[in-house]
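The values are calculated or read from the model by the stated rules, or taken from the named source; none is laboratory data. The structure displayed is predicted, hence computed values, not measured ones. Note that each Cβ is placed from the backbone with ideal geometry, even for glycine, and that neighbours are counted across all protein chains shown.
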Amino acid sequence: MSREKLLEVKNLKTHFNTENGRVTAVDDVSFHVDKGEILGIVGESGCGKSVTSQSILRLFDEKYLVKYEGEVLFKGDIDLLKLSKSEMRHARGNEISMIFQDPLSSLNPVLTIGFQIAEALMLHEKITKEAAFEQAIEMLKLTGIPSPEKRVHDYPHQLSGGMRQRVMIAMSLACKPRLLIADEPTTALDVTIQSQILDLIEDINKRFDMGVIFITHDLGVVAGLCDRVVVMYLGQIVEEADILNLFENPMHPYTKGLIKSIPHMDGDRKEELHVISGTVPSLENVPVGCRFAERCQFADELCQSKMPDLRVVGEGQKVRCWHAEKIAEQEEAPVYVTS
Amino acid sequence: MHVAQEQDKLLKDEFILAKKRLKRHQKKLLFRRLIRNRGILFGGIIMVLLTLLAVFGPIFVPYDPYEMVVTDRLMAPGAQHFLGTDNFGRDLLTRMAYGARVSLSVGLSVSLLACFFGMLIGLLASYFKALDNVLMRICDGLMAIPGVLLAIALVAALGPKMENVILALTIVFVPNVARVVRSAAIVIREETYIEAIRAQGAKTWRIIVLHIAPNTVAPLIVQASFIFADAIITEAALSFLGAGIPAPDPSWGNILHDGKVFIFNAWWMTVFPGILIVLSVFGLNLLGDGIRDYIDPHTSK
Amino acid sequence: MKMYFLKRLLSLIPVLFIVSIVIFMIIHLTPGDPASLVLGEEATEEQIQAMRADMGLDLPILTQYFHWIGNALQGDLGTSYFMRQPVTEAIVSHLAPTISVAIIAGTISLLISIPIGILAATRRGTNTDRTVMGISLIGMSVPSFLLGLFLILLFGVKLRWLPVAGYQPITDGFFGHIKYLILPSIALGSMHAALIARMTRSSLLEVLNMNYIKTARSKGVHEYLIITRHTLRNAFLPILTVIGQTFGSLIAGAVVTETIFNIPGIGQLIINSVERRDYAVIQGVVLFVTCTYVLINLIVDLLYGVIDPRVRLNKK
């Protein structure tokens, strides 16, 4: 089934001006999201996944802090990076909306949740406050919050964590956007609440045929939810594949490491959980060669000195590794050192 | 084979070069961090200069700070008296140099004493719950009385003497220090490693002195520099009001006190000591801000 | 909210108790006998004894304290032996200029500092920001009495625009009143303005870094509304605390400023009383100003509840 591209990110680079000079947090990233598709972006903290998502909405301070390069094409021909400030504001919350990791700190403590949901409606649809609150109640109902007529007048601190995330989702859905970016929406929540929120996101995706970018560090969450996955490491995409391929046939050593470090409830409990050795190097001094080389078992001089390109290795699968095929052949051998 | 080796070597060289570049980059970062903390640099320079004035100034100035020369009354700055004379014909530069001794030593003594007693009280309050309530209520009470007023009342009761000014200002500033130390110490007290040390059977005073106290030093130093500045201001205000260092001893505030009456015909008696006060307070504020940023880079952004 | 108010009110009791003890003790710190100090060296033994009885110094110390605090609670702060008039009366008659100076200084400093702080925060890192921060750092380093002297030199001696001393009651004309108080108010307000400007800036920057600001941006909220609607109310809480604290020190600072500009307020009253060793007045003024200060901080705390629903709706 050939689908229409909703969002296409082409060669996106996000540079930050820090006190210690320029840092490139997102380095030449390209991917796309189809209409009604859920795309997962996976990586450790500091890999640039959040920066990527916030770059799409241009949420960083462009005057002093950040410089973007590349293209972010929305609905085929609108380059978000070229929009004027007011055009961009119009897109935010209306066409593309976002939910964040920690719902408590992401909601304004001195405004009622009803107002915070209604605010986007008043801004984008120019309706009265009363009408906006009516719709806010509808939205709360949709996200499964009990007695929403009363809840609209509550403040964030009066709700539980799961409720707050539902409020965040209600807020992001208010204007029926075409794309929802969810930045680790379940990380701060209890496990039982997590699955409820995941169900809700899947339900919304189906019901409104809304594209979703789901950002997480947890491959386990991705497995049940996403159609396709992009794996990021230190500002770059290291592997892209559809969900089946990724788990059946991971090509990049980093992806393999991530998959092995998912705890299996049904597996042998004595089996030691895999840990990828080392830590993510700082963005301030990125290695010249492959960025994963320092932590990679297979790294040789080529990897240390020259950065591999992201290349196509199968249908819909891309990988950034010199030795992907060679490593794939050695599969099943206990190649990783656990530390 | 040969070609491959050559290539190998080239790659290696490139690798080493990259590492060297990295090292140079890190050095540059350290240097930049030093340059960036202009607070410590400029504040430090100002304070060193003022200290030099206080320590060595009186040795080099050509006049006696107490000798009154009636014929030289209210002379404008000039060749004979570089910064002019006061209403008793005393050389202003000389009095300002001696005044630096008085003003800075009052400021320094107050800040050291307040830090010492404040730390003591803060540590006791943080560690002994029974004491905490009593000590902190007393601090609240003292802090509720505006500092200048408390100082004026205390000096009025004790009598205008330099030691009494120091004592009064110390009483005014101790509660601030105690609060800062207490809140820093409480954070440390709750740390797991203190729990572990206690479980090993360490004596209470050992825990306080060796493990908790050192961790309160950083905020204490910042506090000390601000109290130094505040003490200089308050001493100057008290002396200016005639309720501080008694005449004829010179302090910057005293010189201003004498100058107030003659503000219409002897501007130099107000401007020069005023500049010294502003300079020292500015230097100490810079220093305090700089140290705070150095300790906790969060606040600088 | 009621509970919060009550709790806050109850917490004042121990503070005011300590305050009263400290202020009461001040007179007993005096080395030697206060009565003979008051009367001077030529006083006879009978005179001193009479004075001691007059000041209540012959009673046991606890009795003296309860006597003093009991009267103070009824608004009787004793009698000034020098002015031969109740201390309360003396304070009331000196109050108007002090309140006027404090209010004008407070208003000027708030009107300048808060917008400037907001400006600096929204333009952080620019030259505007650096200039504001630089000037405020200098402003914080110039004590009010010194700025007062400099202002006298500049406006009174050099430019001769404004009167440099004296006072005219507001009943004799509003503009004359302001004309006399403008320089003292600037002198008094500058340090507070500098402090509040810095506080406003840092508080705003902190809130602007919060996640909910990012949420608001992701909804497409205009930068202007981000500041006014989403930031200011949250940022105002710490600013409010500083305003409360500095307003108290405005009254205290007025003591020094009044002396410079020769304004007959309670500052001048206490300074004159120090010279006259009129202890009842000193104690009375300090107690009065402290209570005002505590009261202002109480009001500030109550405003907290109005601004922040987390305080208002807390059921604790």
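A quick yes/no check of all residues on (1) closer than 27 Å to A:Glu125 by Cβ; (2) over 18 Å from the mean Cα position of the chain (by Cα); (3) surrounded by 14 or more Cβ atoms within 10 Å (Cβ to Cβ):
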{"residue": "A:Glu62", "(1), (2), (3)": "yes, yes, no"}
{"residue": "A:Lys67", "(1), (2), (3)": "no, yes, no"}
{"residue": "A:Gly70", "(1), (2), (3)": "no, yes, yes"}
{"residue": "A:Ser86", "(1), (2), (3)": "yes, yes, no"}
{"residue": "A:Asn94", "(1), (2), (3)": "yes, yes, yes"}
{"residue": "A:Ser97", "(1), (2), (3)": "yes, no, yes"}
{"residue": "A:Phe100", "(1), (2), (3)": "yes, no, yes"}
Check your understanding: With respect to A:Ser147, is the statement that it is small (Gly, Ala, Ser) and more than 26 Å from the chain's Cα centre (by Cα) true?
Key -> yes
Check your understanding: So, of the residues in the range A:270-310 that are of a type in the set (D, E, K, R) and buried (at least 16 other Cβ atoms within 10 Å of the Cβ), which turns out to be farthest from the other protein chains (Cβ to nearest Cβ)?
Key -> A:Arg295
Review point. Does the range C:159-178 include one or more residues that are surrounded by 21 or more Cβ atoms within 10 Å (Cβ to Cβ) and more than 11 Å from every other protein chain (Cβ to nearest Cβ)?
Key: yes
Exercise for review: Among the candidates A:Val152, A:Val167, single out the residue that is at pLDDT 90 or above, surrounded by 21 or more Cβ atoms within 10 Å (Cβ to Cβ), within 15 Å of C:Thr215 (Cβ to Cβ) and not assigned by TED's automatic domain parsing to the domain that holds A:Thr187.
Suggested key: A:Val167
Practice item. Quick one: in the range A:105-131, of everything that is in a loop (DSSP other than H, G, I, E, B) and of a type in the set (Ser, Thr, Tyr), which residue is nearest to the other protein chains (Cβ to nearest Cβ)? Key: A:Thr112
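Being away from chain C (no Cβ under 11 Å) and not in a loop (DSSP other than H, G, I, E, B) is the requirement here; does B:Ile221 meet it?
Numbers: away from chain C (no Cβ under 11 Å): yes; not in a loop (DSSP other than H, G, I, E, B): yes.
Yes.
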Revision key, fill the gap. Across the range C:121-132, the tally of residues that are modelled with pLDDT under 90 and buried (at least 18 other Cβ atoms within 10 Å of the Cβ) stands at 2
Practice item. Pull up the range B:145-198, narrow it to residues that are in contact with a helix residue (DSSP H, G or I) (Cβ under 7 Å, 6 or more places away or on another chain) and charged (D, E, K, R), then point me to the one that is farthest from the other protein chains (Cβ to nearest Cβ). Key: B:Arg198
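Kindly provide the set of residues from the range C:103-120 that are more than 19 Å from the chain's Cα centre (by Cα) and either under 28 Å from B:Gly283 (Cβ atoms) or at pLDDT below 90 (or both), ordered by number.
Going through the range C:103-120, the residues more than 19 Å from the chain's Cα centre (by Cα) turn out to be C:115-120.
Those that are more than 19 Å from the chain's Cα centre (by Cα) and either under 28 Å from B:Gly283 (Cβ atoms) or at pLDDT below 90 (or both): C:Ile116, C:Gly117, C:Leu119, C:Ala120.
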Study note, to complete from the structure: When every residue in the range A:132-144 that is surrounded by fewer than 24 Cβ atoms within 10 Å (Cβ to Cβ) and over 25 Å from the mean Cα position of the chain (by Cα) is compared, the one nearest to the other protein chains (Cβ to nearest Cβ) is A:Ala132
**Study point:** Qualifying positions in the range A:169-205 - among the polar types (S, T, N, Q) and assigned to a helix (DSSP H, G or I)
**Key:** A:Ser172, A:Thr192, A:Gln194, A:Ser195, A:Gln196, A:Asn205
Review point. For residues in the range A:311-333 being exposed (fewer than 14 other Cβ atoms within 10 Å of the Cβ) and part of a loop (DSSP other than H, G, I, E, B), which is nearest to the other protein chains (Cβ to nearest Cβ)?
Key: A:Gln330
Review point. For C:Ile270, are the conditions met, namely being within 10 Å of another protein chain (Cβ to nearest Cβ), without any contact (Cβ under 8 Å) to a residue 40 or more places away in the chain and under 19 Å from the mean Cα position of the chain (by Cα)?
Key: yes
Check your understanding: Filtering the range A:21-54 down to residues that are surrounded by fewer than 16 Cβ atoms within 10 Å (Cβ to Cβ) and either within 17 Å of A:Glu71 (Cβ to Cβ) or within 14 Å of chain B (Cβ to nearest Cβ) (or both), which residue is modelled with the highest pLDDT?
Key -> A:Arg22
Review point. What number of residues within the range C:29-59 are more than 8 Å from chain B (Cβ to nearest Cβ) and in a helix (DSSP H, G or I)?
Key: 17
Practice item. Assess whether B:Arg101 counts as being modelled with pLDDT of 75 or more, of a type in the set (D, E, K, R) and under 30 Å from B:Asp289 (Cβ atoms). Key: yes
Review point. Taking A:Asp209 and the conditions (1) at positive phi; (2) in contact with a strand residue (DSSP E or B) (Cβ under 7 Å, 6 or more places away or on another chain); (3) of a type outside the set (Ser, Thr, Tyr), which numbered condition does it fall short on, given that it satisfies the others?
Key: (2)
Exercise for review: Considering every residue within the range C:125-139, establish whether at least one is within 14 Å of another protein chain (Cβ to nearest Cβ), more than 20 Å from the chain's Cα centre (by Cα), in a loop (DSSP other than H, G, I, E, B) and not aromatic (Phe, Trp, Tyr).
Suggested key: yes
Check your understanding: Quick check: anything in the range C:210-223 of a type in the set (A, V, I, L, M, F, W, C), more than 9 Å from chain A (Cβ to nearest Cβ) and in contact with a helix residue (DSSP H, G or I) (Cβ under 8 Å, 6 or more places away or on another chain)?
Key -> no
Check your understanding: Restricted to the range B:237-290, and to residues that are free of Cβ contacts under 8 Å to residues at least 12 places away in the same chain and part of a helix (DSSP H, G or I), which residue is farthest from the other protein chains (Cβ to nearest Cβ)?
Key -> B:Ile275
Check your understanding: Under the condition of being in a loop (DSSP other than H, G, I, E, B) and more than 7 Å from chain C (Cβ to nearest Cβ), which residue from the range A:87-104 is farthest from A:Leu7 (Cα to Cα)?
Key -> A:Gln101
Point to revise | Tabulated pairs, the range A:299-319, first farther than 25 Å from A:Asn245 by Cα, second buried (at least 19 other Cβ atoms within 10 Å of the Cβ), C-beta under 7 angstrom, 6+ apart or interchain | key: A:Leu302/A:Trp322; A:Gln304/A:Gly289; A:Gln304/A:Ala293; A:Ser305/A:Gly289; A:Lys306/A:Gly289
Study note, to complete from the structure: When (1) small (Gly, Ala, Ser); (2) under 30 Å from B:Leu123 (Cα atoms); (3) touching an Asp or Glu at 6+ places or on another chain (Cβ under 7 Å); (4) at pLDDT 85 or above are applied to B:Gly253, the one that fails is (2)
Review point. List pairs: first in the range C:146-163 and more than 10 Å from C:Pro184 (Cβ to Cβ), second surrounded by fewer than 14 Cβ atoms within 10 Å (Cβ to Cβ), Cβ under 7 Å, 6+ apart or cross-chain?
Key: C:Phe155/C:Trp161; C:Val157/B:Phe264
